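J.: Dropping the structure in here first, questions after.
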Amino acid sequence: MATSISFVGLSCFLLSLCLVCSLKEGYAFEEQRESHAESYLTHTFQVSSLFASSICNHSTKANERESTFRVVDKYGPCFQPSLHRSVVSPSLTDILRSDRARIYSIQARLSKNSGRRDHIVEPNSVRIPVKDGSAFKTPNYLVTVGLGTPKTDLSLVLDTGSRLTWTQCESCTICYKQSEPLFDPEESKSYVNIAKTDSVCDYVDHPVDGKYCSYVIGYGDGTSSLGYFSKETLTMSAEKIESFLFGCGTENKGTFGLEAGILGLNQEKASIVSQTAQKYKKIFSYCLPSLASSTGHLTFGSQTPAPANIKYTKLVAQKSPYYGLDLIGIGLRGTKLNIPESIFTTPGTIIDSGAVYTYLPPVAYTTFRDAFRVAMSAYPWIPGPTARIETCYDFSKSTSVTVPEISFFFKDGTVVGIPGKSSLVTENSKLSCLGFQEYYPNDKQSIIGNSVQRTMEVVYDIPGQRVGFAPNGCS
């Protein structure tokens, strides 16, 4: 009996010991995971990496696929003539003003638009590197394409919100200063005027009576371009697009910088996306560079292999011809903030290559801003240049900065993490500000701007009705 009791006691002791060990091991595992998660969901970087270098940093990603060529910022260190020019990048106030004009145009267009998508099949692929457009006194990004035969190289704004590709043409009656020679249709063997009676003339607003088709396009700040809607050969690297529809601008006025025009990437019939549907199947992607001294790329067609670690979310048809997403929340360090989903879903969201800041509904913005400030309490907060640019920091006395990862939560369960550095818009060493804004009372949707998209491969798969996000698409 004594032996039996002793055996039972020993068994209980051993069982208790195992439970204690198990609990200790489990606690250690949880502690390690939490530590790993904390380090993964914050991003530490050198303060110096917020500023463009004097040395060109070509993206190696642009050479990974066929039909690739490299283009650079003509006023940055990747283009030698830039050494002889002095161009000042826009201030945060300038960027905000430009954003406002752009958003006004988007709102007006959405209020009366009805877009459609065509059915498409499997694609080829071609890539065009992208350069930072800030040196052109525009907060957008530029790609260089060839127009005509022989071709004239032109730097155009990459614009997912525009329905038309256009450029200034030689002998224009109203011209703004641009960095490259104007396109001269009389010097091109492949230029063709479009008759006013041609059905494609209905792709654009044509205000001028006459034998040939005209176009006019305007923007929210009063800027506009008017000219002839024409056909020409468009060259992207070694790829040529024959009979490409574009605007040959003869009257161009407003607040353009030194860029030669616009590359329209929305879903309407005159856009390059729709015009190349037979070849590239309405699939394209881009990676916006982090700095003016780096390059990114623009790719038409599907990619093989697909970008690593890509996450797709649903494309919302109701926002066509823009690119709508089902955003339902925003978070920090992987944790979704306590904001009702209806705050996001009622207005809806679009992703845009042209707006710099990301614009959120008032309640969402305030909650997010306050949480971001708490997470950044280790750094000196300073007032911004305007009342709307209100969450800014002076990093001039720091060598490195740790910023929380920002997450976008979508209705289909997709969660996309944004690198901490991409959440900041920087003007100088003493002024780095949160790249988010509260949208205006009359605005009709949230906008995911280009600053948070930097260095990510953003894939637009229109036949698949989805948009994908992959990290580390470029530097």
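J.: So how do Arg100, Arg163 line up by other beta-carbon neighbours within 10 Å, fewest first?
T.: Least crowded to most crowded, the residues run Arg100, Arg163.
J.: Of Thr149, Thr299, how do they rank once you tally other Cβ atoms within 10 Å and put the fewest first?
T.: Result, fewest neighbours first: Thr149, Thr299.
J.: So, by mean Cβ neighbours within 10 angstrom, what's the order for 394-406, 459-471 with the highest one leading?
T.: 459-471, 394-406
J.: Next question. Would you compute, for the Cα atoms of the range 343-475, the largest minus smallest coordinate along each principal axis and list the three values in descending order, in whole Å?
T.: Rounded to whole Å, the extents work out to 49, 36, 25 Å.
J.: Let me ask something additional. With the radius of gyration and the Kirkwood radius both derived from the Cα set of the range 283-339, what is their ratio Rg to Rh?
T.: 1.04
J.: Something else: Using the Cβ atoms and a cut-off under 14 Å, what net charge is assigned to the surroundings of Ala364, where Lys and Arg are +1 and Asp and Glu are -1?
T.: It works out to a net charge of -2.
J.: While we're here: Trypsin sites (Lys or Arg not before Pro) within the range 205-287: which are DSSP loop residues with at most 11 other Cβ atoms inside 10 Å?
T.: Passing sites in the range 205-287 are Lys211.
J.: If you don't mind, another one. Between the range 383-401 and the range 138-183, how far is it from one alpha carbon centroid to the other, in angstrom?
T.: 35
J.: Next up: Rounded to whole Å and ordered largest first, report the semi-axes of the equivalent ellipsoid of the range 163-214 derived from its Cα gyration tensor (root of 5λ).
T.: 22, 14, 11
J.: If R0 is 25 Å, what FRET efficiency do you get for Val200 and Arg97 from their C-beta distance, rounded to 0.05?
T.: Given R0 = 25 Å and the Cβ-Cβ separation, E is 0.10.
J.: Going by average Cβ neighbours within 10 Å, how do the peptides 270-278, 41-49, 327-335 rank, with the highest at the top?
T.: 270-278, 327-335, 41-49
J.: Next question, about the same structure. Ranking request for peptides 196-202, 173-179: highest mean number of other beta-carbon atoms within 10 Å first, then the rest in descending order.
T.: Top to bottom by mean Cβ count within 10 Å: 173-179, 196-202.
J.: Further question: How would Ser302, Ser377, Ser451 line up from fewest to most surrounding beta-carbon atoms within 10 angstrom?
T.: Starting with the residue having the fewest Cβ neighbours, the order is Ser377, Ser302, Ser451.
J.: Right, something else. Give the relative contact order (percent, whole number) for the range 311-470; include only Cα pairs under 8 Å separated by 6+ residues.
T.: 32
FYI, it's all coordinate maths here, none of it is from the lab. In this text the structure is predicted, and so the values were computed from the model without any measurement. Quick reminder, even Gly has a Cβ in these numbers, built from the backbone with ideal geometry, and neighbours come from all protein chains shown.
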